[in-house]
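Trainee: This is the structure I want to talk about, given as structure tokens.
The values are calculated or read from the model by the stated rules, or taken from the named source; none is laboratory data. Bear in mind that the values here come from a model prediction, so they are computed numbers and not experimental data. As a convention, Cβ positions derive from the backbone with ideal geometry for all residues, glycine included, and neighbour counts pool all protein chains shown. Accessible surface is based on the protein model in full, side chains and every heavy atom, while ligands, DNA and RNA are left aside. Shrake-Rupley method; radii C 1.70, N 1.55, O 1.52, S 1.80 Å.
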Amino acid sequence: MSNKAFLFALIALTLSPFILSLKAQAPAPADRAALTTTLRNLEIEEPNRYQIIKELLDIDPQIGFEVLRDNWKDLRSLDAKIALLNTYLASANPHIVEIAYIGATDPNLVVQNFALNLAESVSFRSFTDDYDAFLVWYKTAHTKPLKEILTEGITALTKRYQQADDTTRELLLNQLLNRNYSSPTRIAKARREAVLSSSLLDVIGKSLNTDATPNALQMGFQLCRLMRPEEAFLKRYILPLCKHDQPANVRLQAVAVLGRPDCKWAAPAVLQLYIEEYPDSLVYNVGQTLSQIGDASVIPTMIGILDTDNTREGALIIGNVLAQLTGVFINESHDAVWWREWWRKNRTRLPEEIRSLPIPKVNVRKRQAQAELNNSFVRSETRQAEGTPQSSYWLLIPSTAGQQIGAGFGRQRVVQDNPPRRSSGLGLLIILSPGDGNGAIQANQWQEIVQTALKGKYLVALPVAPRWSADQKTTWLTAANKGQVKEARFLTEAFVNSIVTDVSTAYSVDSAKIFVMGANDSGIAAYSSILDEKSRVKGAYLYNGTFKAAQLPSLKTAKGKKFFLFHEKENKQTPYLSASTAQLLLTQNGATVKLEELKTALAAEFPPKVAAALEWLESGK
């Protein structure tokens, strides 16, 4: 495939956010002759390509389909064909099956594969390895409405899941997660509606137990977070798994599903779990869920817990939740007395049923002695890079890091008179979590990786993607999409730099070993963070990471930086083409890039892959 083909295919992958920003409107009158001329001359150099795409979406979808069908063979560029296939899919054109057939019967293999992937995205089946199955499916599907096609695909997948063994279930869950349900594109919305209208989530909900494999359990909970199911489902399947008698890995992932503003009904149960978990490590995850729910009625009880554990550690751990609920800057001097006074002064701004609540006496277990905590191999802290709740992140600290120079959080740090000695030369890995961006739910997994695969050589930061508004569509806001959320006070690029500053002030960090990691849909944010002109990040590790040049800073800033790309050849959500294009363009701009095919994505193989990637980023060889 030519370099030019790579570039235009990349444009195809970047069009979805643009497409989805369009409001539903009546189709505009179409000039078939003019549209035909436009399509036949569509090239990557076309300066008005976004306007052309908008015009394609504004016209009557029937006319748009007919013009594409009648002129397909006369299109001058295979790159344009790929871009158009992606555009018609994102807009959920009612003739999408016929459009897929046009592409799948094209003479060019690259176009065929793209079209078969398109068909897979609405059928929930695999056609790239069974072309005859595609032809059979097409014969019946092309006469049906898109909603019916999606419904039939989900129904068939649900049946296969029920009858599958553990290995096949993992493959099916991976297939589901490799689809886009959360972007504002019409096809993503239609997919999500199809899943929610089916019995699939009920079937998966019933399988979320200790009989499931760890991979299936993790992917099942991840799908539940993506789908944002209604209250009835959450009460039936998720809430019972949040009880303290459930295994830690189960309740940890279950409680994360409830971290939504529309789950205030779950706040009492989550608060009870917080009390039962306190002061063990899982309390951080539960506290994050309480913050995300945002129910002010838990404030008096949280102050009551601080009354019982009125220590520096208690002020930081409990204060982190209270700060995110109230908007107060976190500070270790904010003890139980301070928060009682805050409650007295500020509760009048809350509804009557909340401000009348008393501060109860709460019994919680005694925490470990500080000396015992300091001797553990990997410690964890919840910090705030900018001293605000929206800049929260978890920091995993190996014993080799020694003690931090200052106590406190972010810009609220209080420097000690006689700071303890710190070690030198630790690397820093900042992980931008995919999906909902909640780094807290990955903290336990990464603690083990820090201890074993990374051998205590790295500090690991797990940011929690800030939620600036209830209807925020993009998890990690960057300079390319900052206009989507006017309430945002900082972007991901600045967040990452603030984490680097915060960690470097507290611990000794080797400035040559500051790396960022992104996976799947957080790939764009990871690329943006290292390519930002003010970035202090020296390398990036992308695990099936999305690359869209049009949504990134100037690639000229890639010069001298290192990128390790692990990517599955058969990944449907983020095609391998995305990684190949990244390698091409970044190398052209002076970066050192290694692209390695990810043949399997088993959980057991993940830690050594991380270690290998970081070792390469350190040396570039």
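Trainee: Looking only at the stretch 510-529, decide whether some residue is assigned to a helix (DSSP H, G or I), more than 16 Å from the chain's Cα centre (by Cα) and farther than 18 Å from Glu615 by Cβ. Steps first, answer last, please.
Mentor: Taking the stretch 510-529 and keeping what is assigned to a helix (DSSP H, G or I), we get 520-529.
Then drop every residue that is not more than 16 Å from the chain's Cα centre (by Cα), which leaves none.
Within the stretch 510-529, not a single residue is assigned to a helix (DSSP H, G or I), more than 16 Å from the chain's Cα centre (by Cα) and farther than 18 Å from Glu615 by Cβ.
Trainee: Does Tyr278 satisfy the condition of being touching a residue at least 40 places away in the same chain (Cβ under 8 Å) and open to solvent by less than 10 Å² (accessible area, probe 1.4 Å)?
Mentor: Yes.
Trainee: Residue by residue through the stretch 477-508, note down the ones that are closer than 23 Å to Leu325 by Cβ and in a loop (DSSP other than H, G, I, E, B). If you could, list the steps in order and put the result at the bottom.
Mentor: First, pick out the residues of the stretch 477-508 that are closer than 23 Å to Leu325 by Cβ: 477, 485-490, 495, 498-499, 502.
Leu477, Val485, Lys486, Glu487, Ala488, Arg489, Phe490, listed by residue number.
Trainee: Select from the stretch 126-148 the residues that are open to solvent by less than 50 Å² (accessible area, probe 1.4 Å) and either under 15 Å from Ala115 (Cβ atoms) or among the acidic types (Asp, Glu) (or both) and list them in ascending order.
Mentor: Across the stretch 126-148, the qualifying residues are Phe127, Ala133, Phe134, Trp137, Tyr138, Ala141.
Trainee: So Ser522 passes all but one of these: (1) open to solvent by 30 Å² or more (accessible area, probe 1.4 Å); (2) in contact (Cβ under 8 Å) with a residue 60 or more places away in the chain. Which condition number does it fail?
Mentor: Of (1) open to solvent by 30 Å² or more (accessible area, probe 1.4 Å); (2) in contact (Cβ under 8 Å) with a residue 60 or more places away in the chain, only one is false for Ser522: (1).
Trainee: Let me ask something additional. Kindly indicate which of Thr557, Thr592 is open to solvent by 20 Å² or more (accessible area, probe 1.4 Å), among the polar types (S, T, N, Q) and touching a strand residue (DSSP E or B) at 6+ places or on another chain (Cβ under 6 Å). Quick ask: steps written out before the conclusion?
Mentor: Values: Thr557 fails: touching a strand residue (DSSP E or B) at 6+ places or on another chain (Cβ under 6 Å).
Step by step, each of Thr557, Thr592 is checked, and only Thr592 is open to solvent by 20 Å² or more (accessible area, probe 1.4 Å), among the polar types (S, T, N, Q) and touching a strand residue (DSSP E or B) at 6+ places or on another chain (Cβ under 6 Å).
Trainee: Which one of these is closer than 21 Å to Leu565 by Cα and free of Cβ contacts under 8 Å to residues at least 40 places away in the same chain: Leu477, Leu531, Leu491?
Mentor: Residue meeting the stated conditions: Leu531.
Trainee: Right, next: Name every residue in the stretch 209-224 that is modelled with pLDDT of 90 or more and either open to solvent by 10 Å² or more (accessible area, probe 1.4 Å) or not aliphatic (A, V, I, L, M) (or both), in order of residue number.
Mentor: Gly220, Phe221, Cys224
Trainee: Of the residues Ile293, Ile299, which is within 24 Å of Arg340 (Cβ to Cβ), under 20 Å from the mean Cα position of the chain (by Cα) and free of Cβ contacts under 8 Å to residues at least 60 places away in the same chain?
Mentor: Numbers: Ile299 fails: under 20 Å from the mean Cα position of the chain (by Cα).
None of the others qualify; the one that does is Ile293.
Trainee: Continuing with the same structure: Out of the stretch 89-111, which residues are assigned to a helix (DSSP H, G or I), within 21 Å of Tyr181 (Cβ to Cβ) and open to solvent by 10 Å² or more (accessible area, probe 1.4 Å)?
Mentor: Matches in the stretch 89-111: Leu89 only.
Trainee: Looking only at the stretch 50-85, how many residues end up being at pLDDT below 85, open to solvent by less than 20 Å² (accessible area, probe 1.4 Å) and polar (S, T, N, Q)?
Mentor: 1
Trainee: Sticking with this one: Based on what the data block shows, is Arg160 farther than 28 Å from Gln62 by Cβ and either of a type in the set (Lys, Arg) or open to solvent by less than 20 Å² (accessible area, probe 1.4 Å) (or both)?
Mentor: Yes.
Trainee: Now for a separate question. Scan the stretch 218-236 residue by residue and report those that are within 18 Å of the chain's Cα centre (by Cα) and either among the basic types (Lys, Arg) or not in a loop (DSSP other than H, G, I, E, B) (or both).
Mentor: Gln218, Met219, Gly220, Phe221, Gln222, Leu223, Cys224, Arg225, Leu226, Met227, Arg228
Trainee: For the stretch 463-504, which residues satisfy the criterion of being of a type in the set (S, T, N, Q) and under 18 Å from the mean Cα position of the chain (by Cα)?
Mentor: Answer for the stretch 463-504, where residues must be of a type in the set (S, T, N, Q) and under 18 Å from the mean Cα position of the chain (by Cα): Ser469, Gln472, Thr474, Thr475, Thr478, Asn481, Gln484, Thr492.
Trainee: On to the next question. Out of the residues in the stretch 169-193 that are open to solvent by 20 Å² or more (accessible area, probe 1.4 Å) and at pLDDT 90 or above, state the one that is nearest to Thr474 (Cα to Cα).
Mentor: The extreme case among them is Lys189.
Trainee: Sticking with this one: List pairs: first residue in the stretch 495-515 and touching a residue at least 12 places away in the same chain (Cβ under 8 Å), second residue basic (Lys, Arg) and open to solvent by less than 10 Å² (accessible area, probe 1.4 Å) anywhere in the structure, Cβ distance under 9 angstrom, at least six positions apart or on different chains.
Mentor: Ile499/Arg383; Asp502/Arg383; Val503/Arg383; Ala506/Arg383
Trainee: Please verify whether the stretch 534-545 includes one or more residues that are in a strand (DSSP E or B) and touching a Leu at 6+ places or on another chain (Cβ under 6 Å).
Mentor: There is at least one residue in the stretch 534-545 that is in a strand (DSSP E or B) and touching a Leu at 6+ places or on another chain (Cβ under 6 Å).
Trainee: Also, quick follow-up: Looking at (1) open to solvent by 30 Å² or more (accessible area, probe 1.4 Å); (2) part of a loop (DSSP other than H, G, I, E, B); (3) of a type outside the set (A, V, I, L, M), can you tell me which one Ser469 breaks?
Mentor: Only one criterion is unmet by Ser469, namely (1).
Trainee: Within the set of pairs 6 or more residues apart or between chains, which connect a residue that is under 19 Å from Trp446 (Cβ atoms) inside the stretch 377-396 to a residue that is among the acidic types (Asp, Glu) and open to solvent by 30 Å² or more (accessible area, probe 1.4 Å) with Cβ atoms less than 6 Å apart?
Mentor: Leu395/Glu381
Trainee: Here is a further query. Taking the condition open to solvent by less than 30 Å² (accessible area, probe 1.4 Å), over 21 Å from Val270 (Cα atoms), touching a helix residue (DSSP H, G or I) at 6+ places or on another chain (Cβ under 9 Å) and at pLDDT 95 or above, does Leu196 pass?
Mentor: No, not satisfied.
Trainee: Continuing with the same structure: Quick check, is Ala579 of a type in the set (Gly, Ala, Ser), assigned to a helix (DSSP H, G or I) and within 20 Å of Leu459 (Cα to Cα)? Break it down into steps so the answer makes sense when it comes.
Mentor: On the way: of a type in the set (Gly, Ala, Ser): yes; assigned to a helix (DSSP H, G or I): yes; within 20 Å of Leu459 (Cα to Cα): no.
Answer is no for this residue.
To keep it simple, each residue is scored yes or no on (1) open to solvent by 20 Å² or more (accessible area, probe 1.4 Å); (2) modelled with pLDDT of 95 or more; (3) farther than 24 Å from Ser182 by Cα.
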residue	(1), (2), (3)
Val537	no, yes, yes
Gly545	no, no, no
Lys548	yes, no, no
Phe563	no, yes, yes
Thr574	no, no, no
